[in-house]
Amino acid sequence: MTNQLNVLVVEDNVINQKVVVKMLERLQIHPSVAVNGKEAVRIISSQPYDIVFMDIQMPEMDGLEATRVIRAMESTGSHPIIIALTANAMIGDRERCLDAGMDDYLAKPVKQSDIESIILKWFPASTEPHGEVLLPVTESIPSKIDPKRIEQIQEIGDSGLLKELLMLYLEDLDQFSDGVTSAVSDENFKLIYEYSHKLKGSSANLGIESIREACISMETLARQNKKDDIARHIIVMQQLMSEIRMYITQTYL
């Protein structure tokens, strides 16, 4: 695939950001990066882009609001293709994205084939045949981490990417544990939800289903302001996270 496309990735989760960037680089596309909608608006106002991969839930300015602002400031003939990236693949999400001015929609975790297909869809003339770069899966992966997702990450073609992402994930686990414990004491349910949403995205991207599901439950409890249930659920999650930490450390680091 040609490197002539000007691409922006808007994503606040570092793991998700790196995965999408590496997938694009595998296609010989070297994207710019913004960490929230506000930064994306600033970047796009000073430089035109062909395609924007836009996360939905971000601090400061979310992807829907950023898209509205971008569309409002478009000049004649200027229309970057904006692709929604969202972990909430629920009924109505696609419609909300399109209503905000987005052109298309991808559900997380994003796969290499998703990125290729959507670029082919919107920019068919920009593509060239390219060979697959596959790295063998040399380890037996237990059900703690989805082997298919590990294989998809390895297929991106960067032998150091998996280790880098897993080290970042361990940092996410620590941030979640410390942040949620403090937020429960302060009864800051909004912050509990935000920490849970972030870890849910990282877990989904790495195929760590047990943590992803636990984060979904925590999001629900946070929306309902159930402090006692949250405190009990933290204990369950701490055990799950301890098991995942040990497995990742012993297997990869």
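The values are calculated or read from the model by the stated rules, or taken from the named source; none is laboratory data. Note that the structure is a prediction, hence the values are computed from the model and not measured. Cβ coordinates were reconstructed from backbone atoms using ideal geometry, including for glycine residues, and neighbour counts include every protein chain displayed.
Need pairs with beta-carbon distance below 7 Å; first residue closer than 11 Å to Ile208 by Cβ and within region 168-179, second small (Gly, Ala, Ser); sequence gap 6+ or separate chains.
Pairs that qualify, where the first residue is closer than 11 Å to Ile208 by Cβ and the partner is small (Gly, Ala, Ser), are Tyr169/Ser202; Asp172/Ser202.
Quick grid of which residues meet (1) at pLDDT 90 or above; (2) in contact with a Lys or Arg (Cβ under 8 Å, 6 or more places away or on another chain); (3) among the hydrophobic types (A, V, I, L, M, F, W, C):
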site	(1), (2), (3)
Ser126	no, no, no
Pro129	no, no, no
Glu132	no, no, no
Leu170	yes, yes, yes
Ser182	yes, no, no
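From the set of residues in region 55-69 that are in contact (Cβ under 8 Å) with a residue 40 or more places away in the chain and of a type outside the set (Gly, Ala, Ser), which is surrounded by the fewest Cβ atoms within 10 Å (Cβ to Cβ)?
The residue in question is Pro59.
Considering only region 106-120, I want to know if a residue exists there that is of a type in the set (Lys, Arg), out of contact with any Leu (no Cβ under 9 Å at 6 or more places or on another chain) and either within 22 Å of Ser202 (Cα to Cα) or part of a loop (DSSP other than H, G, I, E, B) (or both).
yes
Report whether or not Glu155 is of a type in the set (D, E, K, R), within 28 Å of Leu27 (Cα to Cα) and at pLDDT below 95.
For Glu155, the condition - of a type in the set (D, E, K, R), within 28 Å of Leu27 (Cα to Cα) and at pLDDT below 95 - is met.
Which one of these is among the charged types (D, E, K, R) and within 27 Å of Leu162 (Cα to Cα): Glu74, Glu25?
Selected residue: Glu25, the only one of Glu74, Glu25 that is among the charged types (D, E, K, R) and within 27 Å of Leu162 (Cα to Cα).
Here are the criteria: (1) touching a Lys or Arg at 6+ places or on another chain (Cβ under 9 Å); (2) farther than 18 Å from Trp122 by Cα; (3) in contact (Cβ under 8 Å) with a residue 60 or more places away in the chain. Tell me which single one Met23 does not satisfy.
Answer for Met23: the failing condition is (2).
Looking only at region 87-106, which residues are modelled with pLDDT under 90 and under 22 Å from Glu25 (Cβ atoms)?
none
State yes or no: is Val10 among the hydrophobic types (A, V, I, L, M, F, W, C), surrounded by 21 or more Cβ atoms within 10 Å (Cβ to Cβ) and closer than 20 Å to Ser78 by Cβ?
Answer is yes for this residue.
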